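Everything below concerns the one structure shown next.
Coordinate-derived values only; no laboratory data. Quick caveat, the model's predicted, so the values are computed rather than measured. Note that we place each Cβ from the backbone using ideal geometry, even for glycine, and neighbour counts take in every protein chain shown.
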Amino acid sequence: MNRKDLIESVLSDKNLSHLTKKDADNFVASLIETIKKTVKKGEDVSLVGFGTFTKAKRAARMGVNPSTGEKIKIKAKTLPKFRPGKAWKELM
């Protein structure tokens, strides 16, 4: 499912039938931006029954260039992380 499909799915919900396509697109965009900004600040976003978005640090480490076999240093970085909620885990 891509963003367009997600918007169509929101529109097909009978509780949200009053929304226009533009409203649904704005809703999805706003939701995504809010999650990104909140996690970037270091706060978690927990959606009960769905999961939690967090900010995770990855330590620096040594790696190997597969084409040359040369050892390289990989810098530390911060990345977003998602942990599915209990209800979602049980669904799978």
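Please give the net charge around Gly49, taking every other residue with its beta carbon less than 14 angstrom from that of Gly49, where Lys and Arg add +1 and Asp and Glu add -1. Working shown, then result.
Values: positive: Arg83, Lys86, Lys89; negative: Glu90.
So the environment of Gly49 carries a net charge of +2.
Of Glu33, Glu70, Glu43, which has the largest mean-square fluctuation in a 10 Å C-alpha GNM of the chain?
Glu70
Could you compute the net charge surrounding Pro80? Neighbours are other residues with a C-beta less than 10 Å from the C-beta of Pro80; K and R count +1, D and E count -1.
Working: positive: Lys36, Lys40, Lys55, Lys81; negative: none.
Here the charged neighbours net out to +4.
Quick one, what does Rg over Rh come out to for the chain if you take C-alpha atoms and the Kirkwood Rh?
1.15
Quick check: the angle from helix 21-40's long axis to the longest principal axis of the chain, C-alpha only, nearest 10 degrees?
Rounded to the nearest ten degrees, it is 30.
Cα to Cα, under 30 Å, and not fewer than 8 places away if on the same chain: which lysines meet these conditions relative to Lys73?
Lys73 reaches Lys36, Lys37, Lys40, Lys41, Lys55, Lys57, Lys81.
For region 30-92, what relative contact order do you get, as a whole percent, if you take Cα pairs closer than 8 Å and at least 6 residues apart? Don't skip to the answer; put the middle values down first.
Numbers: 91 pairs, mean separation 19.9, N = 63.
Value for region 30-92: 32 percent.
Where does helix 3-12 land angle-wise versus the long Cα axis of the chain, in degrees 0 to 90, nearest 10?
Approximately 30 degrees, to the nearest 10.
Helix-only estimate, please: 222 nm mean residue ellipticity of the chain, summing -39500 (n - 2.57) across DSSP H runs of length 4 or more and dividing by its residues, to the nearest 500. The partial results should precede the final answer.
Working: 3 runs with 36 residues, N = 92.
My calculation for the chain gives -12000 deg cm²/dmol from helical runs alone.
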